[in-house]
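S.K.: The structure under discussion is supplied below as structure tokens; questions concerning it will follow.
The values are calculated or read from the model by the stated rules, or taken from the named source; none is laboratory data. Values in this document were obtained by computation on a predicted structure and should not be read as measured data. A quick note on method: Cβ atoms are made from the backbone with ideal geometry, for glycine too, and the neighbour counts reach across all protein chains shown. Only protein heavy atoms, including side chains, enter the accessible area calculation; ligands, DNA and RNA are left aside. Shrake-Rupley method; radii C 1.70, N 1.55, O 1.52, S 1.80 Å.
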Amino acid sequence: MLTDTNLVLGGKEYTSRLIVGTGKYSSLDVMREAHDASGAEIITVALRRVSLPSGESLLDHLDTKRYTLLPNTAGCYTADEAIRTCYLAREAGLGDMVKLEVIGDARTLFPDVAGLLEATRTLARDGFVVMPYTNDDPVTAKKLEDAGAACVMPLGAPIGSGLGIRNPYNIRIILESVSVPVIVDAGVGTASDAAIAMELGCDGVLMNTAIAGARDPVAMARAMRFAVEAGRLAAKAGRIGKKLYATASSPLEGVPDWTS
């Protein structure tokens with residue numbers, strides 16, 4: 001019987017390895033239903049987008065007793081901007097765990113690696129649990145770990161693209177290079193993408209658009225939950241090796257020859 005451990009971030013254990021977002025939903029009711037269907041325990045919130053058109057705060061519609069809120073610095077283009085946003089989140093009572101984004105290009109939304117490393121060092125030194133969104137570069141991932149990151153969150157593909165895991169080999173090298181959890185962030189489009197990330201050995205998957213933008217977000221959230229669980233179980237079980245030629249599933253060794 002296979003046994004497993006929980007995902008540990010900032011000294012807290014989580015049974016779910018799926019982290020979901022709050023943007024792009026057609027309504028707050030659909031968002032809440034999707035969150036429930038996903039089984040997620042961590043919900044990420046863009047600090048610059050918490051104000052709703054009605055004048056309410058998005059935070060008023062999230063059950064903080066049920067979910068751990070993960071404020072993120074989406075839309076920040078400099079290290080100083082991201083650091084300041086994290087301090088504001090802490091002052092607002094949202095805690096010390098933050099998803100750190102320092103964007104380097106508005107078209108691709110790829111990260112600014114230099115700014116990301118600078119912000120990670122500063123925030124980790126000041127007691128934040130830093131979860132940096134980064135590219136799929138093993139060298140950068142190791143530098144982020146050395147800078148104090150609590151995990152590394154390499155992109156599977158550009159944010160919101162739905163292209164899936166474009167470079168599984170780099171993700172595998174990252175897994176070999178760092179000792180902190182590896183959580184794929186960005187690019188997931190459907191359940192099989194989430195399963196692939198987990199089968200590679202990743203510790204979790206973060207997504208928003210793949211669920212919120214689906215034709216039926218609640219059903220997709222449920223599918224993502226199952227995919228993450230199945231991928232994790234498959235990784236723990238250990239897949240068979242790949243071969244060029246066939247191997248009979250019913251070996252003939254020791255079977256009597258009834259034709260003689």
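S.K.: Going residue by residue through the stretch 101-115, is there one that turns out to be crowded, with 20+ Cβ neighbours inside 10 Å and in a helix (DSSP H, G or I)?
M.R.: yes
S.K.: Same structure, new question: Out of curiosity, is Ala34 open to solvent by less than 10 Å² (accessible area, probe 1.4 Å) and assigned to a helix (DSSP H, G or I)? Break it down stepwise before answering.
M.R.: Values: open to solvent by less than 10 Å² (accessible area, probe 1.4 Å): yes; assigned to a helix (DSSP H, G or I): yes.
Considered against the rule, which asks whether it is open to solvent by less than 10 Å² (accessible area, probe 1.4 Å) and assigned to a helix (DSSP H, G or I), Ala34 comes out as yes.
S.K.: Separate question: Name every residue in the stretch 40-65 that is outside any strand (DSSP E or B), at pLDDT 85 or above and within 19 Å of the chain's Cα centre (by Cα), in order of residue number.
M.R.: Ala40, Glu41
S.K.: Conditions: (1) under 18 Å from Pro154 (Cα atoms); (2) touching a residue at least 12 places away in the same chain (Cβ under 8 Å). Asp105 meets all but one. Number of the miss?
M.R.: Every condition holds for Asp105 apart from (2).
Let's see how each residue does on (1) hydrophobic (A, V, I, L, M, F, W, C); (2) open to solvent by 20 Å² or more (accessible area, probe 1.4 Å); (3) touching an Asp or Glu at 6+ places or on another chain (Cβ under 7 Å):
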site	(1), (2), (3)
Thr68	no, yes, yes
Asp80	no, yes, no
Cys86	yes, no, no
Thr120	no, no, no
Tyr133	no, no, yes
Ala141	yes, no, no
Gly148	no, yes, no
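S.K.: Read through the list (1) over 19 Å from Glu229 (Cα atoms); (2) open to solvent by less than 10 Å² (accessible area, probe 1.4 Å); (3) outside any helix (DSSP H, G or I), then give the number of the only condition that Leu163 fails.
M.R.: Result: Leu163 passes all but (2).
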